Each structure stands twice: as C-alpha cells, then as structure tokens.
C-alpha cells in the first residue's frame, strides 16, 4: 500500500466513519466529533503493537494538540496562492500505525495543515519537503523518526524547526465516554471551512522536484466518497 493511499484510507476509516456524506465542515470539531462521541469505547485501530479505541486516540491527540499550540501562534500570512493565507503547516513523520492518526487529528485540532512524510525518505528529500511546505514543526512517532529528523536537521542548517514527540504510553490509558464528551464540549474549535487545506501530499513527478498536492477538506471528502 502506498503512503498516500494509507493516508486516504485512514481518513475514511477514522474521521468520516459515521457521516460519509458530510459536506459542510464549519469547524474542525465535526471532523472527529461523531466518531469519538458515539464510539468512544469501540476499537478504531489495530496496528502491529496493540488495539486502540476512538476514545484513546482522541485523548492522546488532545494532549498532543496542546503542545502544538505554540507552533501555530503568530501565524504569518502566506503569499503562496495554493496555501491557506493564515494556516500553519506541520510535518508528520510517523510509521503506519496509531501515531499517524494521533498526529493528524492533533494537527487539525489546532487548525494546522498536515504534511505527511515517510520514514523511507532520505534526509535530503525531507529537507526539501519541509522547506517547500514552510513547515513550522514536525511530529514524530518513534525513534526512527527522531533519528531521521536529527540527521536531516544536522545536514541542512537552513531548516530550524522543533520536533514534537508523541507519547505512545498515553495510548494505553483507559478513557470513559463521559471523559470524552466533557472534553468535546469544553474544547475550543478552530474556524475552518470545507475549503480549508487539510493535507499537502508530495508525489514524485516525471521531471524536476516533487510538488505538493494540496487537498482541502472538501477534496478529501470527495476522495472518501469515490
């Protein structure tokens, strides 16, 4: 399975689980609200190490989102017409497991656009993606991601961005539906529409350097529906 295919399947299975025809996303909350609030104790994902409920994924994503807030403050307006004028891009360098879902949810919770990165990319490619997308930070999901980012930053002095680690130990925490619903009601929503950018996916071209394919939430929904 290609990385981009994994991304779109992840979105289909974990974000639009209960409302596949959801079209008007007035805030970030509706993206995950239904699945989490109605299926908190249901298993959402089984990866190579364990199984996780919607509630567990949401809880860890919320904790992570609070650590991402400083990266999304003092947003600088972009002059690139393909990017949200007030959006911040965050790189996600995670394996194909629960950490990717957590990182994606957390980024959207703070209004950021997700730039998925692969552990198979060499440091030079990662540096290009991060610089081209103007990422303000990178979320990593394991030691491989940490080591790869360390090498990338050491070899590319023009890139100076923080690396945020996901605490996977929190994924084993038991979460009750009451905890989830209380948090959903109290959480701050980010004002983003269906035309806001959700993802920037880099694909290899036939010539020249890879270009980022910008997907809005509405475009992602169209991929899910197709």
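The values are calculated or read from the model by the stated rules, or taken from the named source; none is laboratory data. Since this is a predicted model, take the numbers as computed values, not measurements. We place every Cβ from the backbone using ideal geometry, glycine too, and count neighbours over all the protein chains shown.
Structural remarks
- Flag if residue 162 is surrounded by fewer than 16 Cβ atoms within 10 Å (Cβ to Cβ), at pLDDT 90 or above, under 18 Å from the mean Cα position of the chain (by Cα) and closer than 29 Å to residue 220 by Cα: yes
- There is at least one residue in segment 185-196 that is touching a helix residue (DSSP H, G or I) at 6+ places or on another chain (Cβ under 8 Å), crowded, with 17+ Cβ neighbours inside 10 Å, modelled with pLDDT of 80 or more and under 19 Å from residue 90 (Cα atoms).
Residue-wise test of (1) touching a strand residue (DSSP E or B) at 6+ places or on another chain (Cβ under 7 Å); (2) more than 26 Å from residue 54 (Cβ to Cβ); (3) at pLDDT 75 or above.
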| residue | (1), (2), (3) |
| --- | --- |
| 66 | no, no, yes |
| 69 | no, no, yes |
| 75 | no, yes, no |
| 82 | yes, yes, no |
| 85 | no, yes, no |
| 90 | yes, no, yes |
| 96 | no, no, yes |
| 99 | no, no, yes |
| 104 | yes, no, yes |
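- The requirement of being under 16 Å from the mean Cα position of the chain (by Cα), modelled with pLDDT of 85 or more, within 19 Å of residue 218 (Cβ to Cβ) and not in a helix (DSSP H, G or I) is fulfilled nowhere in segment 9-28; no residue meets it.
- Complete set of residues in segment 100-145 that are in contact (Cβ under 8 Å) with a residue 12 or more places away in the chain, surrounded by fewer than 20 Cβ atoms within 10 Å (Cβ to Cβ) and more than 19 Å from residue 156 (Cα to Cα): 142
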